[in-house]
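Read-outs: derived from the displayed coordinates by stated rules, not from any lab. If you're wondering where the values come from, they're calculated on a predicted model, not measured in any experiment. Neighbour counts are summed over all protein chains in view; Cβ atoms, including those assigned to glycine, are modelled from backbone coordinates with ideal geometry.
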Amino acid sequence: MFPLRDVNPRRGFPFVVVLIIIFNTLVFFQYFDLPEKKVELIFQFFGIVPAHIRLITLITHQFLHGGLLHLVSNMWALWIFGDNIEDR
């Protein structure tokens with residue numbers, strides 16, 4: 001099941017959610033056309049690698065996506081449910 005919308009009313013415009021979606025999309029398209037070796041290095045450095053955990057990767061891994069469908073589905077879920085969290 002893929003959510004199309006939620007039933008909770010929005011109190012205001014979700015600025016933070018929109019900024020996160022824009023930033024995620026910009027980051028994705030920065031490495032979208034890079035050679036595979038460079039993308040692999042980006043994922044090793046900014047992603048969570050269990051053998052080499054660094055604190056910064058707890059934040060940076062959230063901006064890495066494996067493909068366009070992965071990005072779109074995550075940003076859609078963030079749009080649907082993120083405004084509820086931002087309203088709190």
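From the C-alpha gyration tensor of segment 15-87, pull out the three semi-axes of the equivalent ellipsoid (sqrt of 5λ each), sorted largest to smallest, in whole Å.
They are 23, 16, 9 Å, listed largest first.
Net charge near Leu78: determine it from the other residues with C-beta under 13 Å of the C-beta of Leu78, scoring Lys and Arg +1 and Asp and Glu -1.
Net charge in that neighbourhood comes out at -3.
What is the helix-to-structure angle for 15-31, meaning the angle in degrees between its Cα long axis and the longest Cα principal axis of the chain, kept from 0 to 90 and rounded to the nearest 10?
Roughly 30 degrees, rounded to the nearest 10.
Full extension from Val49 to Thr25: what is 0.36 nm times the residue separation minus their Cα-Cα distance, to one decimal in nm?
6.4 nm
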